[in-house]
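In what follows, a single structure is set out as structure tokens and then discussed.
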Amino acid sequence: MNKSILAIALAAGFALPALGQQITVVNFGGANANAQKKAYYEPFEKTGTKVVAVEYNGEQAKIKAMVETKKVTWDVVEVESPDVARGCDEGLFEKLDYSKIGNKADFLPAAVSDCGIGVFVWSTVMAYNGDKLKGTPTTWADFWDTKKFPGKRGMRKGARYNLEFALMADGVKTADVYKVLATKEGAERAFKKLTELKPSIQWWEAGAQPPQFLVAGDVALTTVYNGRIDAANREGKNLKIAWTGGIYDLDYWVIPKGSPNKDAALKFIAFASTPDAQAEYAKNIAYGPTNTKALAKLDAKVLGNLPTAPANAKDALQFDLKFWADQGEDLEKRFASWAAQ
Amino acid sequence: MSSVAASVSGAGDLPRQLARADRARKLRAFVLTLPLLVFLLATFLVPIAALLKRAVENPEVANALPRTVAALDGWNREGTPAPEAFAAIGADLAALPDSSDAGALARRLNSEVPGARSLVMNTFKALPLPGATPAEQQAGLLALDARWGETKYWLAIAKNGARWTPDYLLASVDLRRDAQGRVERMAPEQRAFGRILLRTFEISAIVTVWCLLLGYPLAYWLSTLPARKANVLMILVLVPFWTSILVRVAAWIVLLQSEGLVNHALMWTGLIDKPLALLFNRTGVIVAMVHILLPFMILPLYSVMKSVPGTYLRAAVSLGSPPLAAFFRVYVPQTYPGIGAGALLVFILSIGYYVTPALLGGADDQMLSYYIAQYTNVNVNWGMACALGAVLLAATLVLYALYRRVTKSELSLG
């Protein structure tokens with residue numbers, strides 16, 4: 001009797017995924033998650049697979065713990081670029097079968113990697129409140145100029161991006177930033193330049209903070225993820241971006257190794273990589289599509305806000321994930337040491 | 001049960017039966033506490049043991065590069081090693097069953113020498129090496145990546161050949177081993193954790209002092225009130241205590257921001273004419289931490305004060321002592337156990353604070369736990385995270401021992 005109940009329960013348990021399959025998609029939350037919901041999750045659910053959205057903060061430790069204990073409950077995860085290469089090397093992610101996703105040539109070269117495919121292009125840029133700031137800052141030297149633009153500066157707590165911005169403010173050409181930063185003197189120069197601004201810096205931890213700082217008038221200028229500015233402006237704020245010397249980067253979809261719904265996960269990724277879905281996404285938040293065919297489906301107004309628009313990308317720096325994968329831990333520790341001085 | 005047993009057997013068995021009954025009682029007591037013991041073992045002692053183990057564990061290089069480690073045995077640690085070592089590393093990398101082993105090796109070496117990650121992964125992807133003799137393989141490796149000619153990468157491999165390492169623990173107090181294995185201080189720009197540990201203690205001490213200054217009068221006042229009123233007011237102390245820390249931190253952001261209530265009120269009264277910077281600096285961290293930790297000071301103080309009879313104070317005053325002197329010389333010494341317990345609780349809880357400084361502090365207000373989280377989540381360098389955790393644990397234990405020494409008593413909550 002008991003055995004048959006158990007058998008029925010087991011059979012039901014195995015049968016369920018076939019009846020109503022569901023996958024867990026993990027994102028970074030906020031305005032970006034809402035755009036993904038509209039462009040990717042909801043349309044994909046119409047194909048019969050339910051999407052459970054989960055938010056995280058980029059902690060690779062969670063994925064590592066899941067993979068190591070072989071209890072993988074996440075099927076598709078959005079990760080930042082340094083983590084794609086690192087996680088792929090360390091065997092945390094499945095290798096992607098591009099024949100099931102699409103034509104590699106349709107995507108930006110940076111978007112295609114063994115374990116991850118680019119979700120969108122985003123940029124860390126300088127921004128200010130158009131209603132409060134007098135004048136128009138255009139370069140990182142302006143960001144450092146507290147006489148011309150008095151007030152606090154918002155910057156991300158950490159070494160990443162800030163060292164690049166410091167070098168550009170110190171007169172290093174955009175194309176040479178990583179070459180200079182890789183040398184001992186270059187790193188020293190970046191920290192020295194950062195020291196100049198230190199008394200004026202108000203550090204932020206989460207991406208939602210800098211637009212709040214600007215709206216509240218806590219800072220005059222800030223570094224910020226460009227999509228957050230777009231989201232604030234959709235709520236009627238007048239925040240402005242200076243695109244010169246912005247650092248653009250991609251987020252990627254990956255499948256944690258051992259995901260029980262690998263096939264459905266791959267189908268989701270393929271769906272989210274189609275030009276139509278990506279164009280819809282870009283309409284909801286100002287992050288650039290990785291599928292170049294999506295650009296043709298966007299009007300000039302949307303295009304003008306994207307980091308990939310020619311005018312915005314003119315003097316932009318591509319985030320060097322190889323450099324940061326090698327030097328990141330060392331530079332972050334040095335940053336902690338610098339901050340304590 | 002024992003009385004029934006005693007009545008049916010002879011009188012000579014009594015001591016034995018009593019002993020048996022006693023054993024049964026002890027066993028029952030033990031069985032009752034067993035769930036708690038298992039719980040403590042599983043959720044407290046085992047994780048701590050695992051943490052301490054991980055802080056000194058170093059399997060990556062020994063597992064992945066056994067031949068290379070053997071080949072580096074006689075190396076004088078200057079220049080580059082013999083060609084045999086180059087051949088050995090080629091053979092070792094080629095023998096790795098999975099690319100994830102190479103990834104683990106790359107991560108381990110990279111935390112020692114920045115750049116080792118790409119060096120190891122590039123080499124791994126380019127295998128096998130051309131050439132039959134070690135000298136040819138050395139040339140092949142150098143042609144593939146000239147960095148193999150640099151001493152620092154070989155040093156990192158040689159240094160980490162053992163399965164156990166003191167390096168993480170040394171790094172967590174700003175020390176390192178040089179090429180010959182001697183312990184030395186790190187370069188100035190790499191020294192961080194000593195200062196961060198000091199900062200952690202400094203913030204905790206300031207928070208403790210403020211909690212005592214604010215909590216003592218309040219607890220005293222509560223202890224003098226009739227029970228009904230005291231209970232009502234105690235609920236006011238406890239309600240914030242029961243509220244989520246994140247909620248309270250968010251509330252402080254609303255209050256302390258430059259356009260927030262506190263600044264508006266101060267400007268309205270004319271005390272200041274431009275907003276004070278109360279947030280994203282040390283002030284914000286301390287204000288919020290004092291608020292969150294205050295109940296941990298008030299509760300032990302209150303329970304001790306409740307047990308201090310008011311008659312002593314009255315006796316001192318009636319014998320001619322001025323009230324203030326009587327308070328400080330007669331009353332306060334009787335509350336020392338409460339002060340000790342409250343201060344210790346607040347201090348030890350403060351040491352581990354993470355969320356509050358992360359959200360309300362600047363880059364130089366972060367406490368040790370912030371860096372533990374960074375090594376766990378961002379760098380995925382769990383050895384370093386565990387070593388920092390071990391330092392925090394050791395600091396807490398030392399403080400507790402010190403407390404025992406000073407007060408010569410067990411931690412009592414009243």
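Values quoted throughout were computed directly from the atomic coordinates according to the rules given, and no laboratory measurement underlies them. Computed from a predicted structure; not experimentally measured. Ideal geometry is used to build each Cβ from the backbone, glycine not excepted, and the neighbour counts take in all protein chains shown.
Worth a mention:
- Kirkwood-type radius of the stretch B:261-412, with distances r between different C-alpha atoms, in Å: 19.0
- When the listed pairs A:Lys70/A:Lys267; A:Lys148/A:Lys240; A:Lys198/A:Lys240 are checked against a 20 Å cut-off, the alpha-carbon distance exceeds it for A:Lys70/A:Lys267; A:Lys198/A:Lys240.
- When you count the other C-beta atoms within 10 angstrom of each residue and take the mean per peptide, A:151-164, B:161-174 line up highest first as A:151-164, B:161-174.
- Taken residue by residue and averaged, Cβ atoms of other chains lying within 10 Å of the Cβ of B:372-381 number 6.
- Dividing the summed helix terms, -39500 (n - 2.57) for each DSSP H run of n ≥ 4, by the number of residues in the protein assembly as shown produces a 222 nm estimate of -17000 deg cm²/dmol to the nearest 500.
- Applying the criteria of a DSSP loop state and at most 12 other Cβ atoms within 10 Å to the trypsin sites (Lys or Arg not before Pro) of the stretch B:172-259 yields B:Arg182.
- Pairs over the 28 Å Cα-Cα cut-off, from the set A:Lys157/A:Lys283; A:Lys173/A:Lys283; A:Lys179/A:Lys297; A:Lys62/A:Lys301; A:Lys37/A:Lys104: A:Lys157/A:Lys283; A:Lys173/A:Lys283; A:Lys179/A:Lys297; A:Lys62/A:Lys301.
- For the options B:Lys53, B:Lys152, B:Lys125, a Gaussian network treatment of chain B with springs between C-alpha atoms closer than 10 Å singles out B:Lys125 as fluctuating the most.
- Computed E for A:Lys148/A:Lys70 - FRET, C-beta separation, R0 56 angstrom, nearest 0.05: 0.45
- DSSP-defined antiparallel bridges as percent of all bridges, the protein assembly as shown, nearest 5: 65
- Whole-percent P(r), the protein assembly as shown, all Cα pairs, 20 Å bins from 0: 13, 39, 33, 12, 2, 0.
- For A:Asp75, A:Asp145, order by how many other beta-carbon atoms lie within 10 Å, fewest first: A:Asp145, A:Asp75
- Karplus 3J(HN,Hα) series, Hz, for the stretch B:34-50 with 6.51 cos²θ - 1.76 cosθ + 1.60 (x for Gly, Pro): 3, x, 5, 4, 4, 4, 4, 4, 6, 9, 10, 6, 5, x, 5, 4, 5
- With bins 10 Å wide beginning at 0, the percent of Cα pairs of chain A falling in each bin runs 5, 24, 31, 23, 11, 4, 2, 0, 0.
- Hydrodynamic radius of the stretch B:162-320 by the Kirkwood approach over all distinct alpha-carbon pairs: 20.1 Å.
- At most 16 other Cβ within 10 Å, DSSP loop - GluC sites (Glu not before Pro), the stretch A:234-341: A:Glu235
- Between B:Leu214 and B:Leu41, the contour length at 0.36 nm per residue exceeds the alpha carbon distance by 58.5 nm.
- Distance (nanometres) between label positions extended 7 Å along Cα→Cβ at B:Glu189 and A:Lys198: 1.4
- Distance between modelled label sites at A:Asp176 and B:Asp145, nm, 7 Å Cα→Cβ extension: 2.7
- Angle between chain B longest axis and helix B:134-144 axis [Cα atoms, degrees, rounded to 10]: 70
- In a reduced charge model with +1 at each Lys and Arg Cβ and -1 at each Asp and Glu Cβ, chain B shows a dipole moment near 1880 debye about its Cα centre.
- Reachable lysines, given that their alpha-carbon falls under 21 Å from the alpha-carbon of B:Lys306 and they are not under 8 places away in the same chain: B:Lys229
- Chain A, relative contact order [Cα under 8 Å, separation at least 6], %: 26
- Three-way shape label, chain B, alpha-carbon gyration tensor, a/c 1.5: oblate
- Under the Karplus curve 6.51 cos²θ - 1.76 cosθ + 1.60, θ = phi - 60°, whole-Hz ³J(HN,Hα) for the stretch B:366-381, x wherever Gly or Pro sits: 7, 9, 4, 4, 4, 6, 4, 5, 5, 5, 6, 8, 8, 7, 6, 10
- Amide H contacts of A:Val119: A:Asp251, A:Tyr252, A:Trp253, each under 5 Å away and 5 or more positions distant or on a separate chain (H built 1.01 Å from N in the peptide plane; Pro and chain starts excluded).
- For the stretch B:204-214, putting each phi into the Karplus relation 6.51 cos²θ - 1.76 cosθ + 1.60 with θ = phi - 60° gives couplings of 4, 5, 4, 4, 4, 4, 5, 4, 5, 4, 7 Hz, in residue order, rounded to whole numbers and with x for Gly and Pro.
- Nearby lysines by direct alpha-carbon distance to B:Lys125 (threshold 16 angstrom, same-chain neighbours under 8 apart not counted): A:Lys95, A:Lys322
- Translational diffusion coefficient (Stokes-Einstein; Kirkwood radius from C-alpha pairs) of the stretch A:151-204 at 4 °C, 1.567 mPa s, in µm²/s: 115
- Arranged from fewest to most other beta-carbon atoms within 10 Å of their beta carbon, A:Val121, B:Val262, B:Val120 become B:Val262, A:Val121, B:Val120.
- Relative contact order, percent, chain B [alpha-carbon distance under 8 Å, six or more residues apart]: 17
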